[in-house]
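Worksheet for the structure shown next.
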Amino acid sequence: MGGPVRERFWPGNLMALGIFVVLVSFWWAGMRTLITFMLLSKVFAALAFAGNLIPYAWSGARLGMERFEWFLFNLLAVGPLVFSALLWINYFVTGPDRHYMLMSGGSNVDIHQYWIEHAELPENEPFDPAAMDAATAERFVAVQGERSVFTLARGCLGYDVIKTYTYVDVEGMPSDH
């Protein structure tokens, strides 16, 4: 018989952290990335099972894990943490911002949901905020009252992200809400 079993808590802690991090990342970065839920699911599944392609003797056994524990560790820790890292990298490492004003009016248009349903952005008009004066803002606001302004940027992984979403206030100049 061998000696006493050595209890390790770090794999379980990383698995719990992985689940929490992937939920927050999906809720925040995933909902601001213009990517379909199907593709997000495929990438997550590939990353969650990719670690199991590494031979167990080279990886899990060296870390002192049983086979099933190594499988769960890849599924609940490695996959979610790598997936989340990729989402955040795409969100923060972006190209130049592109500014648009929604032409549908109101602040109730969910840009991401509209893009998922129609495979295109809602009706919008590009604009340059540096050149925005009161007369230009008044022209945008005059049609239906309130306008929403949003900023897109191309992420380093090739997917557009919604960087900002603001409303045009009563004076006609953009303000954050």
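So the values come out like this:
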{"quantity": "Region 39-48: number of residues that are surrounded by fewer than 18 Cβ atoms within 10 Å (Cβ to Cβ) and under 17 Å from G18 (Cα atoms)", "calculated": "5"}
{"quantity": "Candidate set from region 117-155 (those that are β-branched (V, I, T), at pLDDT below 90 and not in a loop (DSSP other than H, G, I, E, B)); member that is nearest to M38 (Cα to Cα)", "calculated": "V149"}
{"quantity": "Of the criteria (1) closer than 30 Å to E7 by Cβ; (2) surrounded by fewer than 17 Cβ atoms within 10 Å (Cβ to Cβ); (3) in contact with a helix residue (DSSP H, G or I) (Cβ under 8 Å, 6 or more places away or on another chain), which one G51 fails", "calculated": "(2)"}
{"quantity": "Some residue of region 95-103 being at pLDDT 85 or above, crowded, with 17+ Cβ neighbours inside 10 Å and part of a helix (DSSP H, G or I)", "calculated": "no"}
{"quantity": "Every residue from region 54-69 that is surrounded by 13 or more Cβ atoms within 10 Å (Cβ to Cβ) and in contact with a Lys or Arg (Cβ under 7 Å, 6 or more places away or on another chain)", "calculated": "Y56, G60"}
{"quantity": "Condition check for L72: surrounded by fewer than 17 Cβ atoms within 10 Å (Cβ to Cβ) and assigned to a helix (DSSP H, G or I)", "calculated": "yes"}
{"quantity": "Where a residue in region 29-40 is farther than 17 Å from L81 by Cα and its partner, wherever it lies, is among the hydrophobic types (A, V, I, L, M, F, W, C), with Cβ under 6 Å and at least six apart", "calculated": "R32/V161; R32/I162; T33/V161; L34/W115"}
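Matching residues to (1) in the same structural domain as A119 (by TED's automatic domain parsing); (2) assigned to a helix (DSSP H, G or I); (3) at pLDDT 95 or above:
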| position | (1), (2), (3) |
| --- | --- |
| G18 | no, yes, yes |
| F26 | no, yes, no |
| L40 | no, yes, no |
| N52 | no, yes, no |
| A57 | no, no, no |
| L63 | no, no, no |
| F83 | no, yes, yes |
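The values are calculated or read from the model by the stated rules, or taken from the named source; none is laboratory data. Please read these numbers as outputs of a predicted model, since none were measured by experiment. Note that we place each Cβ from the backbone using ideal geometry, even for glycine, and neighbour counts take in every protein chain shown.
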